[in-house]
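Working notes for the structure below.
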Amino acid sequence: MPPATTVGPRMATPDEPLRCAVLISGSGSGMEALVKAQRTQHLPHTTVLVLSNRADAHGLERARSLDVPTAVVERMDESGQGRTREEHETLVLKQLELHEIEFVVLAGYMRLLSPHFLNRWQHRVVNIHPSLLPHFPGAHAHRDVLAAGTTISGCTVHLVDEGMDTGAILGQCSVPVFSHDDEGSLSARVKIEEHRLYPTVLSWIAEGRVHLVNGKARVDGEPPLTVC
């Protein structure tokens, strides 16, 4: 059997938690739930920066209300000129360095990260997606689930690679899909599980329990990670 690769930079504890940055583009509801869980449950990870690619993202106000430092790196520079993808990510990387970030958590961040970024942060970037991957990747998961007529959906935490929602699966939770559901009702049901799952998976990582073997993840002491 090939050697296992441990996900995450170090073993962390509630007293010396993993320093995380949460990257957002929108409302920040998932970020807010994560920060509240970290603070009330004494978890081995903490959010020390919320960064957005949009200055008008409501999640920035949520972060400020929680006294979490924020940063904005927009696609356009101060003169209104567009930044290249590498220029944009170089500025993001500088913010991560400035805040001594150890791990990156995507929560509704609507930009694909490039090899330029991921090579620097290999196995240290995770995302949460509102479906049971590999089914229904992409930006319209709830719409696609309803169009397919499936009776089960859920959410997935996965490592981020260069593809669209293609990284190794680290954890999943399922929810039923009802005949009367619309995108709003399904999204609300999935969000409840997202807010439970993300802190749990991050704790597994911070505790050094997540390992990759042949591109697939396993967690010490946990059952298989996929629902279906």
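Read-outs: derived from the displayed coordinates by stated rules, not from any lab. Treat the numbers as computed from the prediction; the structure is a model and nothing was measured. Methodologically, a virtual Cβ is constructed for each residue, glycine included, from the backbone with ideal geometry; neighbour enumeration extends over all protein chains shown.
Observations on the structure shown:
- Over all directions, the projected convex hull of the C-alpha atoms in the chain averages 13.1 nm² in area.
- If the chain linking Gln122 and Ser179 were pulled fully straight, counting 0.36 nm for each residue of separation and taking away their Cα-Cα distance, it would gain 16.4 nm.
- Contact order relative to length of the range 109-228, as percent, for alpha carbon pairs under 8 angstrom and 6 or more apart: 24 percent
- Selected from Ala33, Leu49, Pro130, residue furthest toward positive end of dipole (the range 1-138; charges at beta carbon): Pro130
- Directionally averaged shadow of the range 27-154, computed from the convex hull of its alpha-carbon atoms, nm²: 9.6 nm²
- Mean separation of Cα pairs under 8 Å and 6 or more residues apart, divided by the residue count, gives the chain a relative contact order of 23 percent.
- Charged-residue dipole, Cβ positions (Lys, Arg, Asp, Glu), the range 16-219 about Cα centre, Debye nearest 20: 420 debye
- Pairwise label distance in nanometres, Ala148 with His211, each label 7 Å out on the Cα-Cβ vector: 3.2 nm
- DSSP-defined antiparallel bridges as percent of all bridges, the chain, nearest 5: 50 percent
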